[in-house]
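Working notes, structure below.
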Amino acid sequence: MLMALAVTVSMLVVGCGRQKESDVGTLFYNEVRSVNKLVLSRMTITKIATLDDLDISKADGLREQMEAIADMVKIGDRIAAYSYDTYLDAFIDMSAITPDDIIVNKADSTVTFNLPAIQTEFKGRDMALKEMHYRVTGLRSQIKPAERAAIKEKCNTLLKKEVETNDKYRSYLVKEAEAKARDFFSGIASENGYKAIVTFDK
C-alpha cells in the first residue's frame with residue numbers, strides 16, 4: 001500500500017516545479033489524503049502458557065479440590081505448553097490532515113508535513129493456540145478443547161493488560177513508525193525535487 005501511494009504521488013507531482021507553492025501543496029495534499037489510514041508498523045506480541053494439573057492450593061471450591069486430589073494419585077504425566085500471538089499496529093489517521101498541514105517553500109525547496117500523532121491499536125489475534133509441547137502419559141486424560149479455550153482467553157487478557165500497563169511496547173512501535181513515516185514522506189518529496197521536513201503532533 002505504501003509503495004503504491006509513493007508511486008502515484010511521484011507520477012502526478014513530477015513536472016510541477018514551475019507551479020505556485022499553493023498548487024504544489026494542493027497536489028501533495030490530494031495524494032496524501034487518498035488514504036484514510038496509513039499503517040506504518042506492526043508488532044507481534046507472543047504469550048506462552050503452560051497447562052498442567054491444578055495445584056490443590058489454588059483449587060477454588062470443593063469440586064476443584066476433589067479434582068486436584070484425584071489428579072495427584074493418577075499414574076503418568078499431563079503437561080502442555082502453548083504460544084499465542086496478538087498483533088499491535090502503529091498508524092497515522094490521514095483523515096485528520098488539512099491543507100494547512102502541508103507547507104511548500106520553493107525558496108529552499110522544502111515541503112513540511114505536519115502529521116497527526118502516531119496511534120496504536122490491537123489488530124487481530126491468532127485464531128488458535130500454537131502447541132509447543134504436549135505430553136500426556138499413563139492414565140492421564142487428554143487436554144480438552146475447553147481447557148485450551150480457557151488458556152487462550154487468559155493469555156489474551158493478560159497480554160492486553162501488560163501492553164496497557166507497560167508503555168515499552170507502544171513506545172518502541174511508535175518510534176519505528178515515525179522513522180518509516182519520515183522515510184516515506186521524504187521519498188515523496190525527493191522524487192519531485194524537494195526536501196521533506198516531517199513533524200508529528202504529540
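The values are calculated or read from the model by the stated rules, or taken from the named source; none is laboratory data. Keep in mind that what you see is a predicted model, and the values were worked out from it rather than measured. Neighbour counts are summed over all protein chains in view; Cβ atoms, including those assigned to glycine, are modelled from backbone coordinates with ideal geometry. Areas reflect the complete protein model, heavy atoms only, side chains present, ligands, DNA and RNA absent. Shrake-Rupley method; radii C 1.70, N 1.55, O 1.52, S 1.80 Å.
Numerical summary
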item	result
Whole-percent carbon and sulfur share, accessible surface of the stretch 79-148, 1.4 Å	54 percent
For peptides 164-172, 90-98, sequence by mean Cβ density within 10 Å, most packed first	90-98, 164-172
Solvent-accessible area per residue for the stretch 138-177 (1.4 angstrom probe, square angstrom)	67 Å²
Members of K47/K123; K106/K195; K47/K160; K160/K180; K123/K161 lying beyond 18 Å, as alpha-carbon distances in this model show	K160/K180
